[in-house]
Amino acid sequence: MINFSRRDAVRATGLGVVAFALTGCMSGEGAGRGVINADATSSITLDYATYNPLSLIIRRKEWLEKAAANLGQSVTWLKSAGSNKANQNLIGAAIDVGSTAGSAALLARANGAPLKTIDLFSQPEWSALVRTPESPIRRVEDLAGRSVAATLGTDPYFLLVQALKAAGMSTDDVTIVNLQHADGRAALDTHQVDAWSGLDPIMATAEDEGGDVLFYRNLEFNTWGFLNAREEFLQQNPEGAQLVVDVYAYAREWALKNPSEATRLFAEEAAVSGGVAERVWQRTHLDIDPVPGEAQLKVLRNVAPILVDSGDVSDRKDVDDAVANIIDKHYAEAADARCAATRIEGK
C-alpha cells in the first residue's frame, strides 16, 4: 500500500483554445468557426466506465458507432478505472471525451487541464464510507487514528474529506491510503485498512458478496457525473462532440423507458450480479436536467476550499477560475435525442 500525500495533485498545462459546437442535426450546420485540424475531424475517442452506466449501454448497443457512421466519423472506446484515470487520459489526449465526478473535473481544471464539461450523465450517489461487517466503526468520528483507503482525485476522496470536516475532523486525524477503487475494497476486506471510501459498482459488490456496510452516506457530498471534453477536441471536432451529447440524450431517454433491460445490460457489461446492478441503478439518478449549470457550480464551490486546504491546488484563484470556466453548456442545451434516433435507427 502507498501512503497518500495530499499535495500530490495531478497537474497539467494545456492549450487555451476556445470551444464551440454545432447546434443542429444536419452535418456541417454551424461550421466555419475556429481552426479545424483535419487529423481530428473524423474521429471520436471516448471512455466507458462502470461508474457511468450509460457509457456501458451506449457501447454495448453501438449507438454512437451507428450515428457516427452517417457522418463519416470513427469511434474508439477506452476503459476508465476511475475519475483520476479518465482525467489522465484526457490530459494525455488518449481520449477526447471522458466521464468523471464533478469534483475530479474541477481538480484537473484547477491544475491546468484543458477540459470543459459539456454534459451531465447522471446524478449518482456512487460514494459512501464502508466498513466490514465485524468492524466496530459506526460513525465518522470512529475513524480517528484509523486508516482509510481512498482514490486521489475522485469523488470518494472528496466525500471522505467533507465527511471528516462535517464531523469536526480533518485528514490529519486519519491515515489516508491512496489506492484505486478495486484495490481499496481488497484492502478493506483483508483488514489492511480500517475503512474504505468506496465507489459503485465495486461498493455494491462489496455489500452483496461480503456484507460490507455503508456506515456513512450523504448524497450532497457526491458530486454530479460530468462528461468532459478536451478543449482542443472541441475546436477540432465540434460535430463529433455534439454527436456524443446527442447519443447520451438518446441513451438517457431509452434507459428511463426501459429500466429492466438497462439494468440487465449494465450487469452484463460491468460483470456484476443482478442484485449489484439493482443497487447501483437505484443510486443512479438519470431523470435530471443534463445541462450543466448553477446547481453543479454550487457543489463545486463547496469543494473548492477543500482543494486548497488539502494542498491539492496551490492557489484559491486557480480553483475560482476553474469554477468560472469549466462549463460549456451549449452542447447539452443543443442536445437532440431525436436527431440521434434518426441516425441510429435510420428513421
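The values are calculated or read from the model by the stated rules, or taken from the named source; none is laboratory data. This is a predicted model, so every value here is computed, not measured. Backbone-built Cβ (ideal geometry, glycine too); neighbour counts: all protein chains shown. Ligands, DNA and RNA are excluded from the accessible area calculation, which covers all protein heavy atoms including side chains. Shrake-Rupley method; radii C 1.70, N 1.55, O 1.52, S 1.80 Å.
For region 272-288, state whether one or more residues are free of Cβ contacts under 8 Å to residues at least 12 places away in the same chain and open to solvent by 10 Å² or more (accessible area, probe 1.4 Å).
First, the residues of region 272-288 that are free of Cβ contacts under 8 Å to residues at least 12 places away in the same chain: 274, 282.
Then drop every residue that is not open to solvent by 10 Å² or more (accessible area, probe 1.4 Å), which leaves 274, 282.
Yes - at least one qualifying residue is present in region 272-288.
In region 112-125, what residues are of a type outside the set (Gly, Ala, Ser), out of contact with any Phe, Trp or Tyr (no Cβ under 7 Å at 6 or more places or on another chain) and open to solvent by 10 Å² or more (accessible area, probe 1.4 Å)? Within region 112-125, PRO114, LYS116, GLU125 qualify. When region 186-214 is filtered for residues that are free of Cβ contacts under 8 Å to residues at least 24 places away in the same chain and part of a helix (DSSP H, G or I), the ones remaining, listed by number, are ALA186, GLU209. Per the listing ALA101, ALA93, ALA67, ALA128, the residue uniquely surrounded by fewer than 19 Cβ atoms within 10 Å (Cβ to Cβ) and in contact with a helix residue (DSSP H, G or I) (Cβ under 9 Å, 6 or more places away or on another chain) is ALA93. Remark: ALA332 matches the filter, which requires a residue to be of a type in the set (Gly, Ala, Ser), under 19 Å from the mean Cα position of the chain (by Cα) and open to solvent by less than 60 Å² (accessible area, probe 1.4 Å).
From the list GLU261, GLU294, the lone residue that is under 30 Å from THR205 (Cα atoms) and either open to solvent by 30 Å² or more (accessible area, probe 1.4 Å) or free of Cβ contacts under 8 Å to residues at least 60 places away in the same chain (or both) is GLU261. Listed conditions (1) out of contact with any Gly (no Cβ under 7 Å at 6 or more places or on another chain); (2) open to solvent by less than 10 Å² (accessible area, probe 1.4 Å); (3) at pLDDT below 95 are all met by ALA163, apart from (3). Residue-level check: of (1) open to solvent by less than 10 Å² (accessible area, probe 1.4 Å); (2) without any contact (Cβ under 8 Å) to a residue 40 or more places away in the chain; (3) out of contact with any Phe, Trp or Tyr (no Cβ under 8 Å at 6 or more places or on another chain), ASP142 misses just (1). Selection within region 315-338: residues that are in contact with a helix residue (DSSP H, G or I) (Cβ under 8 Å, 6 or more places away or on another chain) and farther than 30 Å from ALA67 by Cβ. The member of this set that is modelled with the lowest pLDDT is ASP315. Of the residues ASP183, ASP194, ASP155, only one is within 20 Å of ASN89 (Cβ to Cβ) and in contact with a strand residue (DSSP E or B) (Cβ under 6 Å, 6 or more places away or on another chain); which? Within the list ASP183, ASP194, ASP155, the selection yields ASP155. Residues of region 166-180 that are among the β-branched types (Val, Ile, Thr), more than 23 Å from the chain's Cα centre (by Cα) and open to solvent by less than 50 Å² (accessible area, probe 1.4 Å): THR171, VAL174.
Would it be correct to say that ALA335 is outside any helix (DSSP H, G or I) and among the small types (Gly, Ala, Ser)? Write out each step before concluding.
Values: outside any helix (DSSP H, G or I): yes; among the small types (Gly, Ala, Ser): yes.
In short, yes.
In summary, ARG185 fulfils each of the numbered conditions (1) closer than 19 Å to THR284 by Cα; (2) touching a helix residue (DSSP H, G or I) at 6+ places or on another chain (Cβ under 6 Å); (3) basic (Lys, Arg) with the single exception of condition (1).
None of GLU207, GLU220, GLU268 is open to solvent by 20 Å² or more (accessible area, probe 1.4 Å) and more than 21 Å from the chain's Cα centre (by Cα) except GLU207.
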